[in-house]
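The values are calculated or read from the model by the stated rules, or taken from the named source; none is laboratory data. Predicted, not measured: the structure shown is a model, and the values here were computed from it. Virtual Cβ from ideal backbone geometry, glycine too; neighbours counted across all protein chains shown. The accessibility values were calculated without ligands, DNA or RNA, using every heavy atom of the protein model including side chains. Shrake-Rupley method; radii C 1.70, N 1.55, O 1.52, S 1.80 Å.
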Amino acid sequence: MDQILTSMVAHMVQTPTPPVADCSLTTLNTTNTSSDSSVQNMQRSISVNNQNLMYTKPQSSSLTTLNSTDTGYESSKANISCPSEKYFTIDGRNLGSKHVSQKSLQDKKLLHGVKQFNLDAKNGLEYLSKSGILNKTSAKEVALFLFREGRLSKKQIGVFIGGHHDFNQQVLSEIVMLHEFTHLILVQALRQFLWSFRLPGEAMQIDRIMEAFAKHYCLQNPNLFEETDTCYLLSFSIIMLNTALHNVNVKKKITCEQFVAQNRGINSGKDLPRDIVELIYKNIKEEPFKIPDETYDDLMYTFFSPEKEGWLLKQGGSWKNWKRRWFLLSDRCLYYFQHTAENVPKGIIPLEMSRFV
């Protein structure tokens, strides 16, 4: 009988049983047994083993534990954890819309700054600096902006870099250094340089610009001329030749002999090779310099279909008196004119950062 009971207990240890509500076994059929004491011993043995086979309740709701003795797997493979940390996702659409909105606002500020510059270079740079687009006190930043921004008035660029103030001349030097003239003949270098702006009309402005050009050209093409002044004088002469040959108001055109005579002795008292001077004359006669077209005004595109237009009273800046001006509203910007027939406004008032009361 004892052997039978021992075999039954061993079998129950090998085969896991499902959880039960009661941890003790109280009923057992003992019809085939002959000893009450043996039955009691068997009950106690079964109760102990049954308790050992029970699944334990997990201590944490975030961690579920499987008893490795029941599954037969190693403990490192039997533990399955569910992390309780919460992860938050960011909607990329919201980020994208904010980025687009900020970029759109910056583009509008840039456009207003370009329009301001095309009316008045100083006011335009002041607005662009306040808008955080550039630093108006940095000659390098201003030069890079003037060199790369294609919507700027070439005429205004020429007037600005030809100015007599120290900062204007610093910007001029920085703009010239942005050009690459290495291994270019002088006429080709001039064509490239004069396309980036419109040469101003005053002789002193032209003089400053051509002097800066000559220094940079000789720096990138050393030993081509005896001195920098030779390059400067010849460059100035080429510009005058272009005007004399292609200006409709000049009735008597200059000849090749006259051009050669004008440039004698400019190379440190010596003459330049005649074939080079004649080649320059032929080049300019066959192909004049291309001057940036300023017959259009990008502001005119704004005036074709304004949102509002009409007469308003405006207080003067210097004299605090009120004057009647014709106003146009377009793209959150006010333009005012003295008369309705004017094409270029007297001023521009950006409304992007304005408060209305």
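The table below gives the values:
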| read-out | value |
| --- | --- |
| Any hit, region 218-236, residues being buried (at least 18 other Cβ atoms within 10 Å of the Cβ) and within 33 Å of the chain's Cα centre (by Cα) | no |
| Residues of region 237-258 classified as open to solvent by less than 90 Å² (accessible area, probe 1.4 Å) and within 22 Å of ILE291 (Cα to Cα), total | 13 |
| Pairs with Cβ under 7 Å, 6+ apart, first in region 149-160 and open to solvent by 60 Å² or more (accessible area, probe 1.4 Å), second assigned to a helix (DSSP H, G or I) | ARG151/VAL114; ARG151/ASP298; VAL159/ALA121 |
| Criterion: open to solvent by 70 Å² or more (accessible area, probe 1.4 Å) and farther than 15 Å from ILE209 by Cβ - qualifying residue of LYS109, LYS115, LYS122 | LYS122 |
| Enumeration of residues in region 225-268 that are under 21 Å from PHE181 (Cα atoms), out of contact with any strand residue (DSSP E or B) (no Cβ under 6 Å at 6 or more places or on another chain) and of a type in the set (Val, Ile, Thr) | THR228, ILE238, ILE239 |
| Selected residue [out of contact with any helix residue (DSSP H, G or I) (no Cβ under 9 Å at 6 or more places or on another chain) and either touching a residue at least 40 places away in the same chain (Cβ under 8 Å) or not charged (D, E, K, R) (or both)] from ASN242, ASN267, ASN247 | ASN247 |
| Residue satisfying all of: in region 109-167; in a helix (DSSP H, G or I) and of a type in the set (Val, Ile, Thr); modelled with the lowest pLDDT among these | VAL114 |
| Region 325-357, subset of a type in the set (S, T, N, Q) and modelled with pLDDT under 80, residue surrounded by the most Cβ atoms within 10 Å (Cβ to Cβ) | SER330 |
| Only one of LYS308, LYS314 that is over 30 Å from MET240 (Cβ atoms) and either open to solvent by less than 70 Å² (accessible area, probe 1.4 Å) or at pLDDT 90 or above (or both) | LYS314 |
| The one condition in (1) more than 21 Å from LEU184 (Cβ to Cβ); (2) open to solvent by 40 Å² or more (accessible area, probe 1.4 Å) that PRO273 fails to fulfil | (1) |
| Condition met for LEU172 (touching a residue at least 24 places away in the same chain (Cβ under 8 Å), closer than 15 Å to VAL277 by Cβ and buried (at least 16 other Cβ atoms within 10 Å of the Cβ)) | no |
| Some residue of region 179-200 being of a type outside the set (Val, Ile, Thr), under 25 Å from the mean Cα position of the chain (by Cα) and open to solvent by 20 Å² or more (accessible area, probe 1.4 Å) | yes |
